[in-house]
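See structure below.
The values are calculated or read from the model by the stated rules, or taken from the named source; none is laboratory data. Bear in mind the structure is a predicted one, so any value in this text is a computation, not a measurement. In this analysis, Cβ positions are derived from the backbone assuming ideal geometry, glycine residues included, and neighbour counts consider all displayed protein chains. Keep in mind that these areas ignore ligands, DNA and RNA; they rest on the heavy atoms of the full protein, side chains included. Shrake-Rupley method; radii C 1.70, N 1.55, O 1.52, S 1.80 Å.
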Amino acid sequence: MIPDGAHVVFNQSLDKLLASKSMLDITSSSTPRKYRLLDCELFAISSVLHVVEFSLPADDDLSTIGYAAISYVWRDPDIINMDSLQFSVKGAEDADPIAIDVLLQACLACRHRGIQYVWLDRLCIMQTSREDKRWQIMQMSHIYKSCALCIVLPGGLQRCVAIDEQTLWIHRAWTLQEVLLPREVVVLLAWGLGSGWGAAYTMAKADKIEEVNEGLAAIFPLRMVLNACSVGWLEFLSNKDSTPVLIEARVFGRSDHHLASVTPPHVSALALNWDYYLEGDEDAKQYAVWQCALVRTSSRPVDMVFSIMGLFDVTLDPAEFDVNDRIGATIALARNILAKGGRACWMGVSFWLEPCSRISTFAMFPETSVAGRAIVRTTDGQEQEVSELICSEFPSHTMKEFRLPCGSMDDDGYLTFRARAIRVTAADDSVDSTEDRRRPSRLYAQDGTTWSTVDAVVPVTISSSPSIFAVVLGWFTVYVPGATPAIDSKPIRLLLLEEHATGKYHVRSFCFLSVDCRHWVLTWKMAEFSVGGPISLSRKRSAIQLHDRHLIRESPAVRMRQLLPLFPTSSTTILQDVERSRKWAIPQRTVESYYRQNHDDGVRLVKVYLKVDDAEDVDSSYFSVHSEENLQVIADEGNDIRYIKEFGVVVADSGSFTDNDLAAILSVTSPSELFTQAFGAAIYDRTEYCTRAVVPAEYDPQMHEVRPERYPHGSGSLADSDQSSDSSEIDDHYHDLDRL
């Protein structure tokens, strides 16, 4: 039944559409500047592509229709599907074709949630109409804000991917606001393990994983997947089992290159916006938005601004900017934010990138493309991913004396603000061993320069030239998903401002100060600065080049090793804990394979122990490993080592017994290799050096141990539990909070 005020603009069976071998085109039957939706019921049940156009009054609430919106990557060259039937849309020939089975899974997810319609830009925007595209871009934030549900397709419209397949979704510009504006966001993934519960990291809440197509696909809360990708693994508890299994997670990216953290900062930045601990912290969330935008890409550089303006409740007219005028659009957005009383949360989103040469309160703009990652180049021509040049951190709004600046910006991008400052002069890089750490006489900048401080009690005068000042930017905190806040030993960040014209300054570099300097910094005098440039903007906006190429003077990785702030022991322990657990996560397909082969009603995962009195005395002579139906470990009982047979698990109950020790004893390259070969699945328990593994249902109850605290209804099976339980009721504090 078609709603009042709506009419059908396209209605065709999939068989007929595919047989015609022509591109889908809704232009002739559609009216520009109208909303359109695809009927999920007809697509899923009758295999009919049915697009409806709505004529809504200007003040009508789009949310009254009840629809889901799709977030996906326009093109991903790494995701290929040769097995599914596909079709393309006229005007979007540069995009990946639409795979029917992917669209079907999305429609099934909508039906699972009782939603009739879905909005997909490829089908619901007139791709050959400039007028409609322009209008739809201006309405994009409204479309996602009004949807009942946003469904993320990390693999695009080519195929559903598993949680351990890396994709480009998180690098696309438009996907940022697509998941920050809706009321609820889920990720649709290929999944053969059924419904259950999932959590990532030690204190994360468990949320429901809902199967939408048996054995093929499930939807996951976005927060869960982001946290899982941040740490590299997802802990999954099936409704049919009593013990969770650890599964690799990298669908939104995983990197081992970040020296500040084992968590990928570009993933953590998005996760921060969904963190329970930071609800209400607008400074942190807006900072994370700018950080996310910096690492994303688009075929039209100006879209890097249009794709986030709705997150700041700002609307810019695309017709006023050339497609290449990212700088002009950025200034317009910043001016609107400041005029509304907002803060300059874009400052310091990367302390490893050079400042932009035209608007230096921003980091340099990287090169972008429709399918790829944001990159910058060094002077020797090497490419560097921008995601590797940011850190998992955020500005703390609780330290009121150190909040990010607010002020105003002029048409040329000069930000005028007041902040505490101290004059500095160039100095040699020698280290003074007698220096007072609470009041250092030297500041070491990120660009490798060293500066001597002038007594802070001397009034700051910005009229003399040349002048260089160290100016307070903010107080920054290390971010660990599910474990925030962690404390950085060098949380105070300074701008190094250099005067290039009378009363005009630009950001030259940044400095870090320890927490011990707090009281000293608060004695600095307040001064007003106008910061932008140093290169003036061209009056012809379309002529402005977007990329500050070849401005990184040395390999950023080298500089990061030298200048990274030191993290305290407590934070390091958490990150080491994450990294250790990551090594024991199992590929999703391996777990699915074992489920199918061994148990129709699910697989029992239990934890058993091999007792060792003195781990240091254990060597290969104590063990004999046999590759039989179940891995058997025959232990020397004379040394009080518990005899374990047929369970296929080796465990050392000793804090000094490491992963490598276990691998060496069993003569395998790594513990994960042993477990994968032996029975296809294993989990590393991060609180005790032990494993959980797939075993028969008959086992010693004394060996059976699960951690029920973050899962509902205790440690029993969840098959008969109330699946409507709110995940907020689940205790998320089973880990030792004192470690923070």
What per residue convex hull volume, in Å³, comes out for the range 1-121 when only alpha-carbon positions are used? 123
Taking a ≥ b ≥ c as the square roots of the Cα gyration tensor eigenvalues, with a/c under 1.5 meaning rounded and otherwise prolate when a/b beats b/c or oblate if not, the range 272-427 comes out rounded
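With an 8 Å Cα cut-off and a minimum separation of 6 or more residues, compute the relative contact order for the range 143-212 in percent. Write out the running numbers ahead of the final one.
On the way: 87 pairs, mean separation 23.6, N = 70.
That works out to 34 percent.
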Classify the range 71-135 from the C-alpha gyration tensor, please: rounded if a/c falls under 1.5, else prolate or oblate depending on whether a/b exceeds b/c. oblate
What whole-number value in Å² describes the accessible area per residue of the range 326-455 for a 1.4 Å probe? 39
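Let me know the charge dipole size of the range 277-325 about its Cα centre in debye, to the nearest 20, where only the beta-carbon of Lys, Arg (+1) and Asp, Glu (-1) is charged.
The dipole magnitude comes to about 260 debye.
Are any of the pairs Lys208/Lys285; Lys145/Lys285; Lys145/Lys208; Lys34/Lys145 more than 21 Å apart by Cα-Cα distance, and if so, which?
Numbers: Lys208/Lys285 25 Å; Lys145/Lys285 17 Å; Lys145/Lys208 23 Å; Lys34/Lys145 17 Å.
Over 21 Å apart, Cα to Cα: Lys208/Lys285; Lys145/Lys208.
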Distance from the Cα centre of the range 320-378 to that of the range 144-191, in angstrom? 24
Can you give the charge dipole size of the range 1-117 about its Cα centre, rounded to the nearest 20 debye, using +1 on the beta carbon of Lys and Arg and -1 on the beta carbon of Asp and Glu? 200
Do any trypsin sites (Lys or Arg not before Pro) in the range 291-399 lie in a loop, going by DSSP, with at most 14 other beta-carbon atoms within 10 Å of their beta carbon, and if so which? Lys340
The range 96-102 - phi-based ³J(HN,Hα) in whole Hz, Karplus 6.51/-1.76/1.60, Gly and Pro as x: 4, x, 8, 7, 4, 5, 5
Which of rounded, prolate or oblate describes the range 336-438 when judged by the alpha-carbon gyration tensor and an a/c cut-off of 1.5? oblate
With every protein chain present, what accessible area does Tyr277 have (1.4 Å probe, heavy atoms only), rounded to the nearest 10 Å²? 90
Expressed as a rounded percentage, what relative contact order does the range 60-192 have, with Cα pairs under 8 Å and six or more residues apart? 36
Around Val185, under 10 Å between beta carbons, what's the net of Lys plus Arg minus Asp minus Glu among the other residues? 0
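What share of the DSSP beta bridges in the range 1-134 is antiparallel, in percent to the nearest 5? Don't skip to the end; give the middle numbers.
Working: 15 of 19 bridges.
Approximately 80 percent, going by the DSSP bridge assignments.
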Under 5 Å between amide hydrogens, which residues at least 5 positions from Cys150 or on another chain qualify, with H placed 1.01 Å from N in the peptide plane? Ala69, Glu184, Val185, Val186
Suppose every Lys and Arg Cβ carries +1 and every Asp and Glu Cβ carries -1, with no other charges. What dipole size does the range 102-171 come out with about its Cα centre, to the nearest 20 debye? 200
